[in-house]
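**Q** Structure in C-alpha cells, see below.
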Amino acid sequence: MQFTTTLIAIFATVALAAPSAEVTHQSALDIVQTITPDALARYEAGIVSPSVAARGVDTTLDKRDITHLFVCTDANFSGKCQNLATDREVCHFLGNGFDNSISSLGPDNDGTQCCIFDNSDCTGASVCQIHAPGIFNLNDFGFNDRASSYRC
Ligand SMILES: [Ca+2]
C-alpha cells in the first residue's frame, strides 16, 4: 500500500512537472498556492490580507518549477489581491475576477520575470520583463484593467 502511494505521488509529480508550451486556460488560482517569503513580507507590510498569509503550504510541486505573481485590482497593491502560484513558461488566463481588472502586480523576488498580455492566450499587446517589486500602477504602462493572461 505504501509502495502504491509512493508510485502515485511520483507519477503525479512527473506529470505536473512535464514541460508544456501549450496555452492552458486553467486559471493559476486552481494551482497549488504557497506562502512565500515575498508574500509574507507583503502581509507584514499590510499589503496582503491575513487570509492570504494564512493559506496552507503545499510542497506537491517542485519549487524550481513554481513561482508566483501577486496581482491586485487597484494601484499600489490594494483592492482585491491574490498571490497566483504559477508554473514557469506556461500561459495562464487571468480568471476569477482578475481579467481586465489588474492595476498592480509583482512576481516573486527570485529573478522571476513575467509578461502580461492583452488577449487571453498570451498574444496581443504586452508588458514584459516585470520583476520584483513589480509595477505599482499599470496606468504608467497604458495597461490598467487590460491584462487577460500572463506568463512568467
Ligand atoms: Ca483595476
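**Q** Please determine whether any residue of segment 73-92 is farther than 12 Å from R151 by Cβ, aromatic (F, W, Y), at pLDDT 95 or above and within 14 Å of the chain's Cα centre (by Cα).
**A** Looking through segment 73-92, none of the residues is farther than 12 Å from R151 by Cβ, aromatic (F, W, Y), at pLDDT 95 or above and within 14 Å of the chain's Cα centre (by Cα).
Residues are listed down the side, and each one gets a yes or a no for (1) in contact with a strand residue (DSSP E or B) (Cβ under 9 Å, 6 or more places away or on another chain); (2) part of a loop (DSSP other than H, G, I, E, B); (3) surrounded by fewer than 21 Cβ atoms within 10 Å (Cβ to Cβ):
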{"position": "G95", "(1), (2), (3)": "no, yes, yes"}
{"position": "D99", "(1), (2), (3)": "yes, yes, yes"}
{"position": "N109", "(1), (2), (3)": "no, yes, yes"}
{"position": "I116", "(1), (2), (3)": "yes, no, no"}
{"position": "N119", "(1), (2), (3)": "yes, yes, yes"}
{"position": "C122", "(1), (2), (3)": "yes, yes, yes"}
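**Q** Among the candidates S101, S120, S126, which residue alone is over 16 Å from T67 (Cβ atoms) and within 13 Å of the ligand (Cβ to nearest atom)?
**A** When all the criteria are applied, what remains is S101.
**Q** Within segment 72-86, work out how many residues are assigned to a loop (DSSP other than H, G, I, E, B) and not polar (S, T, N, Q).
**A** 2
The values are calculated or read from the model by the stated rules, or taken from the named source; none is laboratory data. Just so it is clear, the structure is predicted and the values come from calculations on it, not from any experiment. Quick reminder, even Gly has a Cβ in these numbers, built from the backbone with ideal geometry, and neighbours come from all protein chains shown.
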